[in-house]
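Student: Following this message is one structure expressed as structure tokens.
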Amino acid sequence: MDEMVRYHFFFTGRVQSVGFRYKASYLAKEYGLTGFVKNEYDGSVSLEIQGLDEKITELVECLKRDRVIRIYSMSKEKIDLVEGEKDFKIKF
């Protein structure tokens, strides 16, 4: 059985100006995940996401298969759950 987890991801590659944040937000809502996605000043994208581990894996796999997004590297760190978080946001 899957457990609730929260991860902080950093993605580099062609991840800005290609709809990455919007696709991540759409998928997070479809999979019932919470957290946020944000463009970083160095051209990377950070994603903090919480929910069932299996659903988070599915979201990342969908991003990797996208025809426009090109992920060159990805880091993943397990972090503490955020109690009471109810939605997924795009941060600007």
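Throughout, read-outs are computed from the coordinates displayed, never taken from laboratory work. The structure displayed is predicted, hence computed values, not measured ones. Cβ placement follows ideal geometry from the backbone for every residue including glycine, while neighbour counts extend to all protein chains displayed.
Student: Exposure proxy check: Asp66, Asp2 ranked by fewest other beta carbons within 10 Å?
Tutor: Neighbour counts put them in this order, fewest first: Asp2, Asp66.
Student: Restricting attention to the chain, which GluC sites (Glu not before Pro) occupy a DSSP loop and are surrounded by at most 16 other Cβ atoms within 10 Å?
Tutor: Taking the chain and a limit of 16 other Cβ atoms within 10 Å, the loop GluC sites (Glu not before Pro) found are Glu3, Glu40, Glu83, Glu85.
Student: Based on the Cα gyration tensor of the chain, what are the three equivalent ellipsoid semi-axes, each the root of five times an eigenvalue, rounded to whole Å and given largest first?
Tutor: Semi-axes from the Cα gyration tensor: 20, 13, 12 Å.
Student: Rounded to the nearest 10 degrees, what's the angle between the helix 53-65 long axis and the longest principal axis of the chain, both from Cα atoms, 0 to 90?
Tutor: Its long axis makes an angle of about 10 degrees.
Student: Could you give the length gained by full extension between Glu30 and Arg14, i.e. 0.36 nm per residue of separation minus their alpha carbon distance, to one decimal place?
Tutor: 3.4 nm
Student: Please work out how much length the chain gains when fully extended from Asp66 to Asp80, using 0.36 nm per residue of separation minus the C-alpha to C-alpha distance, in nm with one decimal.
Tutor: 2.2 nm
Student: Taking the number of other C-beta atoms within 10 Å as the exposure measure, put Tyr26, Tyr41 in order starting with the fewest.
Tutor: Tyr41, Tyr26
Student: Now for a separate question. Can you tally the net charge around Val37? Count Lys and Arg as +1, Asp and Glu as -1, for every other residue whose Cβ sits under 13 Å from the Cβ of Val37.
Tutor: +3
Student: Here is a follow-up. How much of the DSSP beta bridge set in the chain is antiparallel, as a percent to the nearest 5?
Tutor: 85
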